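Scroll down for the structure; my scribbles are underneath it.
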Amino acid sequence: MSVSHSASRLLHNPKVRNTAVQALVVVLFLVVAYEVTSNLITNLRRANIHSGFDFLSARAGFEIDKPLIDYNGNSTYGRALVVGLLNTILVAVAGIILSTIVGFMVGVGRLSRNWLLAKICTVYVETFRNLPPLLVIFFLYIGILQFLPQPRQSVRLPLGVYLNNRGITFPRPIFEDGFGIVLIAVCVAVLASFLAARWARARQAATGKQFHTVWTSVGFLVAVPLLAFLGTGRPIAFDYPTLGTFNLKGGAVIGPEFIALLLALSLYTASYIAEIVRSGILGVPQGQTEASKAMGLSPSATMRLVVLPQAFRIIIPPLTSQYLNLTKNSSLAIAIGYSDLVAVGGTILNQTGQAVEVITIWMATYLCLSLATSAFMNWFNSKMALVER
Amino acid sequence: MDSRFVRDVMLTAEPPPLRQRGFPVWIRHNLFASTTDSLVTLVCILALAYVVPTLLNWLFIQAAWTGSDRSFCATAVQGGIQPDDWSGACWAFVRAKFSQFIFGRYPIDQRWRPMLVGILLILLVLPFLTPYAPRKNLNALLLFIALPVVSFFLLYGGFGLPVVETERWGGLMVTLILSFVGITVSLPLGILLALGRRSRLPVIRLFSTTFIEVLRGVPLITVLFMASVMLPLFLPDGMDIDKLLRAIVGVSIFASAYMAEVIRGGLQAIPKGQSEGADSLGLTYWKKMYLIILPQAIKLVVPGIVNTFIGMFKDSSLISIIGMFDLLGIVRFNFSDPSWATPVTPVSGLLFAGFVFWIFCFGMSRYSGFLERHLDTGHRR
C-alpha cells in the first residue's frame, strides 16, 4: 500500500516526470544515432567508400564553364567546390540587388493612384507568387534558348553589346597601368562624401540649416574619379566583341544559364518583396502623414523622413527571410546546369560516391550563408529599430 | 407674423453634379490626375498595346490546336506544315499528352483507380472546406485517416487489384499525393515542434530548435538529395524504402520546420493569462494546449499556414530534379519525345504546367482570404 502510494507520488511529481521524459528522449536519440552510424559504417565498407574529407584534395577531372577563379580539370575537388560556392554567392548577391529594385518598384506601383499601373503591378505579383520557381527558371531558360537568335544573327545593342542564345557578349575592360590611381580616387570620393554628410548633419543639428548632401556626394563621386581617369591618361581599354562567320570573337560572355537563373530568381522573389513593401507602407498609420503635412513638410520629405523610416521597421524582418529564400532557391541552378555549389557537389557526389561528406558540406555552407545574411540584416534592423525610453 | 420654420419633410439626396461623376471623371481621377500620371498611363497603354496582342496572337490565334504529331507545330523548314514565319503555341502537344500529364505512366487500363481516388478526394474535401457543412469530425476522420488508407490500396494494388509500382506513378497525380500527404503530416508535426521549441524542458527545446533551424537554413534540394542518396546508407542491409516515399518524407519534414515557426508565431501572440487561467483550472499540459491555447493560436496564423501549404505545393516540383516525374517532371520528360520535338513544344508544355500550378496556388490563397474573414471573431486588439 505505502509502496504503491509513494510510487504514485513519484509518478506525479513534476520534477521526476520532466527528468524522466527528457532522459527517455536522450536515450532514444542515442539509440537511433548508434543504429544509423553503425549501418552507415557497414554500408560504406561494403560499397568500398572511404569516409572522410581526403577526397577534397584529389583531382577533379571535370570542367566548369566560365569559372570566376582559375580552374581546370586538373584542379582539386576542393577548388571545384570553391568555384561553385563563388557562383552561388554571385547569383545570390546579384539576385538580391535586382529583386529589391524590382520589388520596391512594383510594391510602390501597386499603391499608385494610377489605376492602370496599380493593376499591372497586381497582375505581376499574382502571376509570379503562384508559380513554382523551378518552372519560372525552366521557362526563362528555354525561352532564351529558343527565342533569341543564333550567334550569327546576334542582336546588336548599343555600346558593343551583343545578345544571342549563347548569352550576352559585352566589351571586356582591360585595365592598364595607372588604373590603381583611379581606384584610389574612387575611395577618396566615397570618404569625402561620407565626411560631407557627417558635417552637414552636425550643422543641421546645431543650426537647423540644411545642406544638399545628395548633390554634393554625386559631385564628389563623379568628378574626382573622372579627373583621376583623365589625368592618368585613360588607363582602360576595351576588348570589343566582333561578329565572325559563326560566332562572336572576343569580349566577355555572360551565359544563358546565369541570365535565366538570375532573372527567374529576381522576378519570383520580387513578387514577394513587392507585397512586403506594400504592407510596410500601408502599416504606417495615416496620422503620421497627416501630422507631417501639418508641420509643413513637402510630400517627398514626408515620404523620405516620416513614412519610409517607419515602413522599413515593418519591412526588414520579412525582407530578410526573402533574401534567405532567394539564396536557397539559387540551388535550383542544378536543373539548368549553372555550376553553383549544389550542381558542382552533385557531380562530385556522382564521381566519388562521398554522399555523406558532400551533403554535409552543402548543408554547412548554406547554414553559414543563412546565418551571415541574417546577422547582417539583424544588425541593419537594430540600427533602424524604434529607440524607446 | 410668424417667421418660424421647421422642416418636416426631408428633401431627397441629389446626385452629384454632372461634372463630378461618370466615366470621364473616373478616368481623369485615376489615369490622368497629373502630368506624370498621364505619362505613366501612356507608357502603360503603349506597353500593353504591344504585349497583349502579341501574346494573344501567339497563345490562341496562331496556336496549333489540333494535330497528331510534330509536323502540325513545325514550319516547313523544320519539317512541318506551317508557313516559314509561323510561331505559335503547340496545344496539340498538350492535348496528345494530357492524360500522361495527369497520370504519368500509370497503366492505361488501370487509370480508373486514380480517377476514383480523385473523385473521393473531391467529395470529401469540398464539404470539409465549406464552413457550414455538418459533421466536421467525421469528415476529417474520413479525409485524413480513411481516404489515405483506401487510396493506398486503390493506387498501389492489393485486395485483388494488380500492383502498380510507384515508378509508374507520375504527373499531377504525384504532385497532389505529395502535397496532400505533406499537408496532413506537416501540420501536426509542426505543432509538436512548435510546442517543443517553447517547452520548459531544456532537452526537448534543444532538439526542436536544432531541428527547425537546420532545416530552415538549408535548401529543399539538399534535403531531397539526403533523402534519396543518404537515407539508404543509414538503413540496415536489405531494407529499402520506396523512392516516392523517401521524397514524401523529405518534403514533409522540410515543410514541418516552416510550419513550426508559423505556429510558434501564433503561440507567442496568445496572452500569458490564457495559459495561467488554464493552469488555475487544473488542466493538464495537453488539455491546456488542445482546449485553450492551440485553437486561439492556429486561428491567428491561418494565412501563414496556407502560405506554407502553397509553398509546399510549389516545392513539390523539385522532386523532378532527383529523377521523379511529378507534373513538371513529366512535362519536361515529354520534351525529348522525337514525335513531338519542335521549337515551340517546350514553352507550350511549360505554359500548361504553369497554368495548372497557378490555378491551385491561386485557389488556395483565395480560400485562405475567405477563411480569415470567416474566422475573424472580432477579438483583435
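Of the residues that sit in the range B:265-287 and are polar (S, T, N, Q) and assigned to a helix (DSSP H, G or I), which one is farthest from B:SER179 (Cα to Cα)? Give the derivation first.
Step one: filter the range B:265-287 for residues polar (S, T, N, Q), giving B:268, B:274-275, B:280, B:284.
If we keep only those that are assigned to a helix (DSSP H, G or I) as well, we get B:268, B:274-275, B:280.
Numbers: B:GLN268: 28, B:GLN274: 34, B:SER275: 34, B:SER280: 41 Å.
Here the residue is B:SER280.
Which of the residues belonging to the range A:29-80 are within 14 Å of chain B (Cβ to nearest Cβ), in a helix (DSSP H, G or I) and not β-branched (Val, Ile, Thr)?
A:PHE29, A:LEU30, A:ALA33, A:TYR34, A:GLU35, A:SER38, A:ASN39, A:LEU40, A:ASN43, A:LEU44, A:ARG45, A:ARG46
Considering only the range A:243-292, state which residues are open to solvent by less than 30 Å² (accessible area, probe 1.4 Å) and among the polar types (S, T, N, Q).
Listed by number, the residues that qualify are A:SER266, A:THR269, A:SER271, A:SER292.
Whether any residue in the range B:99-115 is exposed (fewer than 11 other Cβ atoms within 10 Å of the Cβ) and either within 14 Å of chain A (Cβ to nearest Cβ) or of a type in the set (Val, Ile, Thr) (or both) is what I want to check.
Looking through the range B:99-115, at least one residue is exposed (fewer than 11 other Cβ atoms within 10 Å of the Cβ) and either within 14 Å of chain A (Cβ to nearest Cβ) or of a type in the set (Val, Ile, Thr) (or both).
Restricting attention to strands (runs of 3 or more DSSP E) lying wholly within the range A:119-225, give those where 3 or more residues are under 30 Å from B:LEU350 (Cβ atoms) and open to solvent by less than 40 Å² (accessible area, probe 1.4 Å).
Working: elements: A:155-157, A:161-164, A:167-170, A:172-175.
Hits in the range A:119-225: A:161-164.
Which residue pairs have Cβ atoms under 6 Å apart, sit 6 or more places apart or on different chains, and have a first residue in the range A:200-223 that is under 13 Å from A:ALA189 (Cα atoms) and a second that is part of a helix (DSSP H, G or I)?
Sorted first by the residue in the range A:200-223, then by its partner, the pairs are A:THR216/A:ALA196; A:SER217/A:SER193; A:PHE220/A:ALA189; A:PHE220/A:ALA192; A:PHE220/A:SER193; A:LEU221/A:ALA189.
Looking at the range B:343-375 only, could you name the residues that are over 26 Å from B:VAL306 (Cβ atoms), of a type in the set (Ser, Thr, Tyr) and within 10 Å of chain A (Cβ to nearest Cβ)? Quick ask: steps written out before the conclusion?
Step one: of the range B:343-375, the residues over 26 Å from B:VAL306 (Cβ atoms) are B:343-349.
Now restrict to residues that are of a type in the set (Ser, Thr, Tyr): B:345, B:348.
Matches in the range B:343-375: B:THR345 only.
In the range B:136-153, which residues are surrounded by fewer than 19 Cβ atoms within 10 Å (Cβ to Cβ) and in contact with a helix residue (DSSP H, G or I) (Cβ under 8 Å, 6 or more places away or on another chain)?
Step one: list which residues in the range B:136-153 are surrounded by fewer than 19 Cβ atoms within 10 Å (Cβ to Cβ), which gives B:136-142, B:144-146, B:148-150, B:152-153.
Within the range B:136-153, B:LYS136, B:ASN139, B:ALA140, B:LEU142, B:PHE144, B:PRO148, B:VAL150 meet the criteria.
A:LEU371 passes all but one of (1) over 23 Å from A:ALA58 (Cα atoms); (2) touching a residue at least 24 places away in the same chain (Cβ under 8 Å); which number fails?
(2)
May I ask you to verify whether A:VAL91 is surrounded by fewer than 19 Cβ atoms within 10 Å (Cβ to Cβ) and in a helix (DSSP H, G or I)? Don't jump to the end; show me each part of the working.
Values: surrounded by fewer than 19 Cβ atoms within 10 Å (Cβ to Cβ): no; in a helix (DSSP H, G or I): yes.
No: the conditions fail for A:VAL91.
Please find, among B:PHE352, B:PHE313, B:PHE325, B:PHE335, the residue that is open to solvent by 50 Å² or more (accessible area, probe 1.4 Å) and under 21 Å from A:PHE139 (Cβ atoms). Before the answer, list the steps.
On the way: B:PHE352 fails: open to solvent by 50 Å² or more (accessible area, probe 1.4 Å); B:PHE313 fails: open to solvent by 50 Å² or more (accessible area, probe 1.4 Å); B:PHE335 fails: open to solvent by 50 Å² or more (accessible area, probe 1.4 Å).
Step by step, each of B:PHE352, B:PHE313, B:PHE325, B:PHE335 is checked, and only B:PHE325 is open to solvent by 50 Å² or more (accessible area, probe 1.4 Å) and under 21 Å from A:PHE139 (Cβ atoms).
Here's a check for you: in the range B:215-229, which residue that is within 7 Å of chain A (Cβ to nearest Cβ) and more than 20 Å from the chain's Cα centre (by Cα) is nearest to B:LEU193 (Cα to Cα)? Please lay out each step first, then the result.
The initial filter retains those residues of the range B:215-229 that are within 7 Å of chain A (Cβ to nearest Cβ), namely B:217-219, B:221-222, B:225-226, B:229.
Adding the requirement that they be more than 20 Å from the chain's Cα centre (by Cα) leaves B:217-218, B:222, B:225-226, B:229.
Values: B:GLY217: 16, B:VAL218: 18, B:THR222: 21, B:PHE225: 23, B:MET226: 21, B:VAL229: 26 Å.
Only one residue tops the list, namely B:GLY217.
Looking at the structure I just gave you, is A:LEU341 within 11 Å of another protein chain (Cβ to nearest Cβ) and out of contact with any Pro (no Cβ under 7 Å at 6 or more places or on another chain)?
Details: within 11 Å of another protein chain (Cβ to nearest Cβ): yes; out of contact with any Pro (no Cβ under 7 Å at 6 or more places or on another chain): yes.
For A:LEU341, the condition - within 11 Å of another protein chain (Cβ to nearest Cβ) and out of contact with any Pro (no Cβ under 7 Å at 6 or more places or on another chain) - is met.
Could you please find all residues in the range A:95-122 being over 15 Å from A:THR269 (Cα atoms) and within 13 Å of chain B (Cβ to nearest Cβ)?
Within the range A:95-122, the first condition is being over 15 Å from A:THR269 (Cα atoms), and the residues that meet it are A:108-120.
Within the range A:95-122, A:VAL108, A:GLY109, A:SER112, A:ARG113, A:ASN114, A:TRP115, A:LEU116, A:LEU117, A:ALA118, A:LYS119, A:ILE120 meet the criteria.
Of a type in the set (A, V, I, L, M) and open to solvent by 70 Å² or more (accessible area, probe 1.4 Å), is that true of B:LEU59?
Criteria not met by B:LEU59.
If you go through the range A:13-72, how many residues are out of contact with any Gly (no Cβ under 6 Å at 6 or more places or on another chain) and within 19 Å of B:PRO236 (Cα to Cα)?
Total satisfying the criteria: 23.
B:LEU300 versus (1) without any contact (Cβ under 8 Å) to a residue 60 or more places away in the chain; (2) more than 10 Å from chain A (Cβ to nearest Cβ); (3) open to solvent by less than 40 Å² (accessible area, probe 1.4 Å): which is the lone unmet condition?
With (1) without any contact (Cβ under 8 Å) to a residue 60 or more places away in the chain; (2) more than 10 Å from chain A (Cβ to nearest Cβ); (3) open to solvent by less than 40 Å² (accessible area, probe 1.4 Å) applied to B:LEU300, the lone miss is (3).
If you scan the range A:22-57, which residues turn out to be open to solvent by less than 40 Å² (accessible area, probe 1.4 Å) and over 16 Å from B:MET230 (Cα atoms)?
Of everything in the range A:22-57, those that are open to solvent by less than 40 Å² (accessible area, probe 1.4 Å) and over 16 Å from B:MET230 (Cα atoms) turn out to be A:GLN22, A:PHE55.
Looking at the range A:346-368, which of the residues that are farther than 18 Å from B:LEU233 by Cα and either small (Gly, Ala, Ser) or more than 10 Å from chain B (Cβ to nearest Cβ) (or both) is surrounded by the fewest Cβ atoms within 10 Å (Cβ to Cβ)? Can you show your working first?
Step one: of the range A:346-368, the residues farther than 18 Å from B:LEU233 by Cα are A:347, A:364-368.
Okay, now just the ones that are also either small (Gly, Ala, Ser) or more than 10 Å from chain B (Cβ to nearest Cβ) (or both), so A:347, A:364.
Numbers: A:THR347: 20, A:ALA364: 13.
The selected residue is A:ALA364.
Report, by residue number, each residue of the range B:230-247 that is facing chain A (nearest Cβ under 10 Å) and either on the phi > 0 side of the Ramachandran plot or not in a helix (DSSP H, G or I) (or both).
The answer is B:LEU235, B:PRO236, B:ASP237, B:MET239.
Could you tell me whether the range A:6-18 includes any residue that is open to solvent by less than 80 Å² (accessible area, probe 1.4 Å) and facing chain B (nearest Cβ under 10 Å)? Show your work before the answer.
In the first step, residues of the range A:6-18 are kept if they are open to solvent by less than 80 Å² (accessible area, probe 1.4 Å); the result is A:6-8, A:13, A:16, A:18.
Cutting the leftovers down to facing chain B (nearest Cβ under 10 Å) gives us A:18.
Yes, that holds for at least one residue.
In this structure, is B:LEU124 modelled with pLDDT of 85 or more and either open to solvent by less than 50 Å² (accessible area, probe 1.4 Å) or within 20 Å of the chain's Cα centre (by Cα) (or both)? I'd like the intermediate steps shown before the answer.
Values: modelled with pLDDT of 85 or more: yes; either open to solvent by less than 50 Å² (accessible area, probe 1.4 Å) or within 20 Å of the chain's Cα centre (by Cα) (or both): yes.
Against the criterion (modelled with pLDDT of 85 or more and either open to solvent by less than 50 Å² (accessible area, probe 1.4 Å) or within 20 Å of the chain's Cα centre (by Cα) (or both)), B:LEU124 qualifies.
Go through the range A:244-283 and give me each residue that's small (Gly, Ala, Ser), out of contact with any Pro (no Cβ under 9 Å at 6 or more places or on another chain) and not in a helix (DSSP H, G or I). Give the steps one after another, and end with the answer.
Going through the range A:244-283, the residues small (Gly, Ala, Ser) turn out to be A:244, A:250-252, A:255, A:260, A:264, A:266, A:270-271, A:274, A:279-280, A:283.
Adding the requirement that they be out of contact with any Pro (no Cβ under 9 Å at 6 or more places or on another chain) leaves A:255, A:260, A:266, A:270-271, A:274, A:283.
The answer is A:GLY255, A:GLY283.
The values are calculated or read from the model by the stated rules, or taken from the named source; none is laboratory data. Everything numeric here is computed off the predicted structure, so don't read it as measured data. In this analysis, Cβ positions are derived from the backbone assuming ideal geometry, glycine residues included, and neighbour counts consider all displayed protein chains. Remember, those area values only see protein heavy atoms, side chains included, never the ligands or the DNA or RNA. Shrake-Rupley method; radii C 1.70, N 1.55, O 1.52, S 1.80 Å.
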